[in-house]
Amino acid sequence: MRGVVFEEPGRVVVGEVPDPQVLEATDAVIQVTRAGLCGSDLHPWTGAEPAGSGVVCGHEATGQVVAVGDDVRTVAPGDDVIACFTTSCGRCGPCREGLTARCVHGQLFGWGPPDNPAGGLHGGQAELLRVPLADGTLVPRPTGISADAAVLLADNMPTAWYAARRAEVLPGTRVGVIGLGAVGLCAIAACRALGAAEVVAVDPVPSRRAAADRLGARTTTPDDAALADTGLDAVIEAAGPSAAQRLAASMLRPGGVVSIIAVQTAEAFGISPVTAYDRNLTIRAGRAPVRAVLEEVLPAIVDGRLQLPVEEVVTHPRLPLADAPDAYARFAAREEGMVKVTFAP
C-alpha cells in the first residue's frame, strides 16, 4: 500500500509500505477513507519531539473495517468506524477511570520512539491501518457524519471538549481560547455548546480569527494590551508556547482555571509558581482520553447540542497522499487560510 512515512525532521516521503495484517486476535484492519494532518504531527517534523524514522504518519483516521481478529466483538467487516488517536483496552485501571489515552497497553498511532528498533505503531496517513485493541479503540461512525467530520472526532473535537470540561465551562462562564488551530476552533464550539456566556479567542493569524468570528467568539491578537484586564473565569491554552501560558494567566480573574490542552515539549510551563500562588490559579494539563470523551460528545452531536465546525476547521479537504510532503511544509509555515488538511487515500 501507499503511505506517508516520517524519515527525519523536515522530511516525510510517500511510498510503498507493507500492507498491515491482523497480528493479534484483538486486531482489526480498516481501509482508510480519510486521514487528518494534526498540529502534533508537526512536532517530529520540526524536531521539537524526537521520533523514530520509518513509521507511517498520522493519528486521525476514519474508514471501513476489512478484517478482524477472532476475539473482536464490537465491529465487523463492512462497518464504518472512527479510529481514536490512541489505542485502549477498555479494561485496565486508567481505562476504567476514563483515562483511555493512558491505557497501560495503549499506543499512539503514527509515532515511534527514536531509541526503539522495533519501531512504532503505523498511522492512518495510508491506504490501510492496523488497529490493535480494536474493541476498545474503534467507534462506529454515526449515520450522517461525513468522513471529514469523523476525522475531527478521532482527535480534535473530543480533545477540545475535554479541555472545556477541565476548564469548568458552564452556562454563564466567560472563557478564553488561545490558539485557533483545529483544537482551538473546536474548543469555541464546545464552549458555546456548554453554555459559555462569552468566548474571547486569540490568534495572530487573520484567517483563523475570521473562522472564530463565524463561530461566535470575540477575537483579538496576542499583543492586545487589553487582554490583561479581561478577568475571565477560564482560559483554554491550545497553542503550546510558554508565552501562551503566560498570556492565559494574565487574562484570568483570581481563582481562574488554565486548561492546557496543547501538546507540551518544553521543560516547564510558562506560568510561574509565584503567579499561580498569588492569583490562586488552577492549572490542568494532559492528553485527552478521546475514546472515553466520545461517550459524551457523540450524543451531544446527535441531539443537536454540539455543532461540529467542519467548514471552519477543515480548510484543505481530501488531498491525495502524494501531496503530503508539500502539505506538511505549508502547514508548518502556518500558511494563511490553512487550518486542517485531510487526506483521501
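Every read-out reported here was derived from the displayed coordinates using simple, explicitly stated rules and does not represent laboratory data. Being a predicted model, the structure only gives us computed values, none of them experimental. Cβ: placed from backbone, ideal geometry, glycine included. Neighbour counts: every protein chain shown.
Pairs of alpha-carbon atoms within less than 8 angstrom and 6+ residues apart define the contacts here; what relative contact order does the chain have, in percent?
Once normalised by length, the contact order is 19 percent.
Is the range 157-285 rounded, prolate or oblate when judged by the Cα gyration tensor, a ≥ b ≥ c being the square roots of its eigenvalues, rounded requiring a/c under 1.5 and prolate requiring a/b larger than b/c?
Verdict is rounded for the range 157-285.
Could you calculate the FRET efficiency of Glu336 with Arg91 from 1/(1 + (r/R0)^6), where r is the beta carbon distance between them and R0 is 56 Å, rounded to 0.05?
It comes to 0.75.
Within 10 Å, count the other beta carbons around each residue, average over each peptide in 77-84, 335-342, and list them highest first.
Descending mean neighbour count gives 77-84, 335-342.
Rounded if a/c is under 1.5, else prolate if a/b beats b/c, else oblate: with a ≥ b ≥ c from the C-alpha gyration tensor eigenvalues square-rooted, which is the range 241-345?
Cα axes put the range 241-345 in the oblate bin.
What does the extension gain come out to for Ile283 and Asp229, with contour length at 0.36 nm per residue minus their alpha carbon separation?
Using 0.36 nm per residue and subtracting the Cα-Cα distance, I get 17.5 nm.
How far, in nm, would the chain grow between Glu311 and Ser146 when pulled straight, counting 0.36 nm per residue and subtracting the alpha carbon separation?
58.2 nm
For the range 231-278, what does the alpha-carbon gyration tensor say about shape, rounded, prolate or oblate, given a ≥ b ≥ c as the root eigenvalues, a/c under 1.5 as rounded, and a/b over b/c as prolate?
Taking the square roots of the gyration eigenvalues as a ≥ b ≥ c, the range 231-278 is oblate.
So what is the relative contact order of the range 157-285, in percent, for Cα pairs below 8 Å that sit 6 or more residues apart?
Averaging sequence separation for qualifying contacts and normalising by length gives 24 percent for the range 157-285.
For the peptides 202-208, 265-271, what is the packing order when you average, over each peptide's residues, the other Cβ atoms within 10 Å and list the highest mean first?
Ranked by mean Cβ neighbours within 10 Å, highest first: 202-208, 265-271.
Counting other beta carbons within 10 Å of each Cβ, put Val72, Val104 in order, fewest first.
Val104, Val72
Assign unit charges at the C-beta atoms only (+1 for Lys and Arg, -1 for Asp and Glu), then state the dipole size of the chain relative to its Cα centre in Debye, rounded to the nearest 20.
Computed about the Cα centre, the dipole is about 760 debye.
Assuming 0.890 mPa s and 25 °C, estimate D for the chain with Stokes-Einstein, Rh taken as the Kirkwood radius over Cα pairs, in µm²/s.
Approximately 122 µm²/s, per Stokes-Einstein.
Cα-based Rg (one decimal) and Dmax (whole number) for the range 4-77, in Å?
14.6, 41
Run through the range 1-94 and list the trypsin sites (Lys or Arg not before Pro) located in a DSSP loop whose Cβ has at most 14 other Cβ atoms within 10 Å.
Arg73, Arg91
Ser242 to Leu108: extension gain in nm, 0.36 nm per residue of separation minus the Cα-Cα distance?
Result for the pair: 45.8 nm of gain on full extension.
Given the options Ala160, Leu227, Thr275, identify the residue whose Cα lies farthest towards the positive end of the charge dipole of the range 157-285 (+1 on Cβ of Lys, Arg; -1 on Cβ of Asp, Glu).
Going by the charge dipole, the pick is Ala160.
How much net charge surrounds Arg253 when only other residues with a Cβ under 14 Å from its Cβ are counted (Lys, Arg +1; Asp, Glu -1)?
Its environment carries a net charge of -3.
Sort the following peptides by mean Cβ neighbour count (other Cβ atoms within 10 Å, averaged over residues), highest first: 172-179, 289-296, 183-190.
Highest mean packing first, the order is 183-190, 172-179, 289-296.
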